[in-house]
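Rule-based calculations on the coordinates, nothing more; no lab input. All values reported here derive from a predicted model rather than from experimental measurement. So basically every Cβ, Gly included, is an ideal-geometry build from the backbone, and we count neighbours across all protein chains shown.
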Amino acid sequence: MKNTALSHIHEQLGAKMVPFAGYNMPVSYEGVNAEHETVRKGVGVFDVSHMGEFLITGPKALDLIQKVSSNDASKLVDGQAQYSCLPNEIGGIVDDLIVYKLKDEEYLLVVNASNIDKDWAWIEKHNSMGATMRNLSEGYSLLAIQGPKALEAMQSLTSEDLSAIKFYNFKVADFAGIEHVIISATGYSGSGGFEIYCKNNEVEQVWNKVMEAGKNYGIKPIGLAARDTLRLEMGFCLYGNDITDTTSPLEAGLGWITKFTKDFVNSENLKKQKEEGIKRKLIGFELNERGIPRHDYEIVDKDGKNIGIVTSGTMAPSLNKGIGMGYVTIGNSAPGTEIFIQIRNKPVGATIVKTPFYKG
């Protein structure tokens, strides 16, 4: 089991630690609902240093990224980030990721912790053009400082004007007494904030200064459990649940990051799928009565006929109701459609709704 550079701090803070993607990670500190509310209303900090970082450089860097990713990275300007995915050859997804353009011929790919080895092998396999690849995952840490008070709370730590960093843009600047960290206006919570990339030997200083700067704003450490409820309230996909090796980006509602203006792995087949129409679709739903939907619960229609499966579900702390996402047949996917979730073999009524569930 690997530790992040901050695992000892989480243990000192009394975090409940769990194994996640091969790392010893904090799942919660004071409880998921309290931590969730801290991020929705104030500011919280997550240690997500288990995420993977690949540096792709050289004259062929963009060519490689264009080949393996579904979005059009040629549109990126320096200091801009882009959500994308790595399609596989059978119509599914290897992983979803964020592509950062540092400068011409220099890109940072940030991938999911559980997929680091798989993604590296996949990208390397398609690197016939000879781009330079470096796996930085073991040497870098990542903090997500999230919530509506994040900007105000963190401004004292940098000479950069944080309010000038637009959503999905970033700056390489000084932060918490460290030169050259990436300050990125990205995150997985839907409540605004920044993600800070720095080296492992710098992150403890950054963490301490972040906690100090945020003290007057009620900053708290937040675990992975609240990260999951926050992302689900926004309808954000989680790899391994809502998107997998067998779900197509079009079925998952990721057509907006699937650009057929270029050729990429399996683009011909995905284009064909778009033209012919998808057979199932990822939807969001809210329960009409008490209950908690869970991953792999069956979805049925009013006659009890199976029409799909739940991929993510929870009791949403901000909404105080059961919400979830799942794949259903296309004929049963329209917002407003009544469906039923089989919770302990009892059909519980739910309604398909447009995401995000949480409107802020």
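Of note:
- Candidates are the residues of region 206-254 that are buried (at least 21 other Cβ atoms within 10 Å of the Cβ) and acidic (Asp, Glu); the one that is nearest to Tyr358 (Cα to Cα) is Glu233.
- Verdict on Val265 being more than 30 Å from Pro148 (Cα to Cα), free of Cβ contacts under 8 Å to residues at least 40 places away in the same chain and in contact with a Pro (Cβ under 6 Å, 6 or more places away or on another chain): no
- Selection status of Glu268, surrounded by fewer than 17 Cβ atoms within 10 Å (Cβ to Cβ) and part of a helix (DSSP H, G or I): yes
- Candidates are the residues of region 123-156 that are assigned to a helix (DSSP H, G or I), in contact (Cβ under 8 Å) with a residue 60 or more places away in the chain and of a type in the set (Gly, Ala, Ser); the one that is nearest to Gly44 (Cα to Cα) is Ala150.
- Of all residues in region 160-174, those that are more than 24 Å from Ala73 (Cβ to Cβ) have Cβ atoms under 9 Å from Cβ atoms of residues that are of a type in the set (Gly, Ala, Ser), 6 or more apart or on another chain, in Glu160/Ala173; Leu162/Ala150; Leu162/Ala185; Asp174/Ser159.
- Complete set of residues in region 13-63 that are under 16 Å from Ala144 (Cβ atoms) and of a type in the set (Lys, Arg): Arg40
- Residue among Glu204, Glu160 that alone is among the acidic types (Asp, Glu), out of contact with any Pro (no Cβ under 9 Å at 6 or more places or on another chain) and outside any helix (DSSP H, G or I): Glu160
- Of all residues in region 282-316, those satisfying the criterion of being over 21 Å from Asp228 (Cβ atoms), in a loop (DSSP other than H, G, I, E, B) and free of Cβ contacts under 8 Å to residues at least 60 places away in the same chain are Asp301, Lys302, Asp303, Gly304, Lys305.
- Any hit, region 102-117, residues being surrounded by fewer than 17 Cβ atoms within 10 Å (Cβ to Cβ) and closer than 25 Å to Glu251 by Cα: no
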